[in-house]
1. Residue 778 to residue 212: FRET efficiency via 1/(1 + (r/R0)^6), r the Cβ-Cβ distance, R0 45 Å, to the nearest 0.05?
2. Taking all protein chains in place and a 1.4 Å probe, what share, in percent, of the accessible surface of the chain do carbon and sulfur account for?
3. Grab the DSSP H runs of the chain that are 4 residues or longer, score each as -39,500 (n - 2.57), total them, divide by all residues and round the 222 nm result to the nearest 500 deg cm²/dmol.
4. Would you mind finding the longest exposed-site-free stretch of the chain, with exposed chymotrypsin sites (Phe, Trp or Tyr not before Pro) meaning DSSP loop and at most 10 other Cβ atoms within 10 Å?
5. Report the GluC sites (Glu not before Pro) located in region 427-493 that are in a DSSP loop and have at most 12 other Cβ atoms inside 10 Å of their Cβ, or state none.
6. Which entries of 443/506; 158/195; 158/409; 24/587; 38/587; 443/587 show an alpha-carbon separation above 22 angstrom in the structure shown?
7. Please work out the FRET efficiency for the pair residue 500 and residue 68, using the Cβ-Cβ distance as r and a Förster radius of 45 Å; give the result to the nearest 0.05.
8. Between residue 576 and residue 195, what FRET efficiency comes out of the Förster formula 1/(1 + (r/R0)^6) with R0 = 56 Å and r the beta carbon distance, rounded to 0.05?
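The values are calculated or read from the model by the stated rules, or taken from the named source; none is laboratory data. Every value quoted in this text rests on a predicted model; they were computed, and no experiment measured them. Cβ: placed from backbone, ideal geometry, glycine included. Neighbour counts: every protein chain shown. With ligands, DNA and RNA removed, areas are computed over all heavy atoms of the protein, side chains included. Shrake-Rupley method; radii C 1.70, N 1.55, O 1.52, S 1.80 Å.
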Amino acid sequence: KNKKSKIMHGMGMGGWDFLGNEEKDGLRFSWNLWPSSKLEATRVVVPTGCLYSPLKNLEGMPPPLQYDPIRCNTCGAVLNPYAQIDYRSKLWACPFCMNRNHFPPHYADNISETNLPAELIPQFTTVEYELTVVPQGPPVFMFLVDTCLGEDELDQLKDSLQQTLNLLPDDALVGLISFGTNVMVHELGFSECPKSYVFRGDKEYPASKIQDLLWISPTGRGPTNQYKAQQLQPGGMPAVNMSGVGNREPAIGKFLLPVSECSYTLDTVLEELQRDPWPVPGDQRAARCTGTALEVALGLLESACPGRGSRIMTFVGGPPTSGPGMIVGRMKTETIRSHTDLQKNSAPNFKNSSKFFHGLSDRAVASSSVIDFFACSLDQVGLLEIRPCVERTGGLVVLADSFSQSVFKESLRRVFMRTRNEHNDDNNLQMGFSAALEVLTSKELKVAGAIGPCSSLHKKGPSVADTEIGQGGTYAWSLGGITPSTTLALYFEVTNSSPTPLPPHKRRFLQFVTQYQHSNGRIRLRSTTHCGGWHCDAQDMAPLAVSFDQAAAAVLTARIAIHRTETEDVADIMRWLDRSLIRLCAKFAEYQKDEPNSFRLSREFSMYPQYMFHLRRSQFLQQFNSSPDESCYYRSILCRENTNNSMVMIQPSLLSYSFQGKPMPVLLDASSVRHDTILLLDTFFHVVIFHGETIAAWREQNYQEQEEHVNFKNLLLAPQSDAQIIMENRFPASRYIVCDQHKSETRFLMARLNPSVTHNSNDGSGGQQIFTDDVSLRVFMEHLMNLSVQS
């Protein structure tokens, strides 16, 4: 499977090791050589950009350096292996602005050609520093629990949360808020009996009002570093009166306590948590005030730990129907908005709800709070409106049918996975908080924007392009919460408008500087510096073509398409994709004018049209048979995952198992469906094991239990063990489906296959018919060739 992945994703073609660069620096570029002029960059069609994973576990990266980085006095770039060193005068020249900087005394006294600090060693283009600033303290986890659930669902959720407490670090602070008709903030510091503060669910509460009602220190007046104060007394409780205003108490110690101190109290509160007591008539929905609950949680965290890493983990089982942020009324006669309603502007609550949650996301970004959203419901839950809160803060999102489903339970468990590496990071959570990314460029290029889980910090500078792609107009973004798989798409603009090409020896430089709070409370800074070449001969496109990474290019293009769905009609986006593909093929394919049969694509581009074909048919752009929430969910996951996972979403992998030989990858095509084979489909969201008609019949007759049919038993077990390997560490956990040919759940497979065999055509040899009017890949390629070779 790994070999197949390397072949599909273009590893090592033409001397470019795309996967090796990704493992070394967490970077993947669409073009590894860049056009040297603005005009040529426009003509190559696919945007010049990269996918960057700021917290990726990198092979060979040195352990965190226990000192602050040295930065250029002019542009702020971090010292890196591409700096020119003058060992005699103890100076270094910044490759970004060419300014000469003096080394500080502790460097100047020890540096020599044979004694280099880690950040100057050539192979360490990515290094991480542990800054010498006061630690922020352990992370904060606030659980928001929806009580408008059925008894069984609520019991399953409570059980999962109780297990989660065992996964948290002992020093992590936790809090609990439950909500239904009203919001209840549970005072965990009062252990004599369950005690909570109740807020009306149909009202908005500004932060100051929340702090007044909870009688806690107002924002900015409490201790600026509670962690420092907690260390004065064992057990994590403040040793001095830090109330800040009158006799008010700090939120830490009252509503937020270390797990080691409140696990029994919290466990008891969860055990005794009951369904929302307010009666719900049969013709109405439950009153669920999700918006007010998030607002109260934010107000509490703004007082308790402003600027300190915290997560608001929201668990809901239905749509907000009450208070600010409601997406639908309580009467069941009122339907939840559909794609058609949104297109016709006939969703009455959509604008107000979106505006409210966008305002909450601004506050969450400012206070370094991450908002996670775990929704388990057969109906819509308002994810479309709540998406800014999750995406702009770097939060996680999981959409499942039930809290008893493994998709939810496994996903929640995997949030709290621990690191295991050679740098003694054992027992730390695989997550960062309060992350921010800065991108520095050499003068020949500028930053056009970013698409992914981030929020613009609106920092202008000479390296910011006029053209905006995604969140543009800045060279810095707040990432909020980050994990090893968090991946940002960054787009650049070549600034050289002169027809004179750049000299062949010229190099371009990019630096990605990520500062974040580690889960141990300390502040870290990761610096990744990239040096690349320019393509200077417009008459010879071969070097540029060989540097093309078609997988990264497909993901960068897909993210632009998804970003445009927020403001444009899907049909217009489809036409843009088609035109772009035709222009790319016309530029780089070999053909004779008006001769489609002469059309040839080199191997560097051979898979790209296929990727675009599957992207056009995917749930990311097709709205048929999906709700606005589902479309939003799929798009959110694609916009935060790394290249390989994103490619599995765009073009799923399909393996075939039979008695004819070893498991082998087969075409994602209707012709691959055979009655005597087993297929394993991986779409990232679903992992499907499909049994052909004959295989299913043999299984029903229990041949696998007979000794003489041990090979058949092994054939049945092989895809199951492979499926477990595929799903092992994936987030969110994939839904596992086992189905038989001609049964209802085969739709998960059939919907993703190329319809080469339909009710009115047959492009392939055999296979199962797919009832659709969609064109097949063969017809798509014929049209592409005809249009590309036109005069």
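1. 0.10
2. 50
3. Value at 222 nm, helices only: -8500 deg cm²/dmol.
4. After excluding every exposed loop site, the longest remaining stretch is 1-623.
5. Here no loop site has a sparse enough neighbourhood.
6. Result: 24/587; 443/587 exceed 22 Å.
7. 0.60
8. 0.45
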